[in-house]
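This report refers to the structure that appears directly beneath it.
Each value in this text was obtained by applying a stated rule to the coordinates, not by laboratory testing. Note that the structure is predicted; figures quoted are calculated from it, not measured.
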Amino acid sequence: MARMGETTYVKIACPSCSEHVEFPLEMRGHIINCPHCTLSMVLELPGAPQTPPPANLYQRLRALNNLHPKPVAINLPEPFRGDAQSRP
């Protein structure tokens, strides 16, 4: 931990890209987008006893990172019938 003025900053590695992310200690527990890879991550202290995450935390992170693609409706064209009446 480094001291900058009155605020204590912590440096951790992003779990997705391993780049360093520095944040004020007061932000612990917040979900942010990594400034390097833009995927969502939880700001936690490494090696500190972890409180159990909220039950929906991992669902929220997966949704924020678009890790579960949603079904897409595809409108297919009418099938070609091949008869003379269907042609202009």
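Here are the numbers for this structure:
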item	result
Contour minus Cα-Cα distance for H20 and A63 (0.36 nm per residue)	13.2 nm
Karplus-derived 3J(HN,Hα), 6.51/-1.76/1.60, for each residue of the stretch 57-64, Hz, glycine and proline x	4, 5, 5, 5, 5, 4, 5, 5
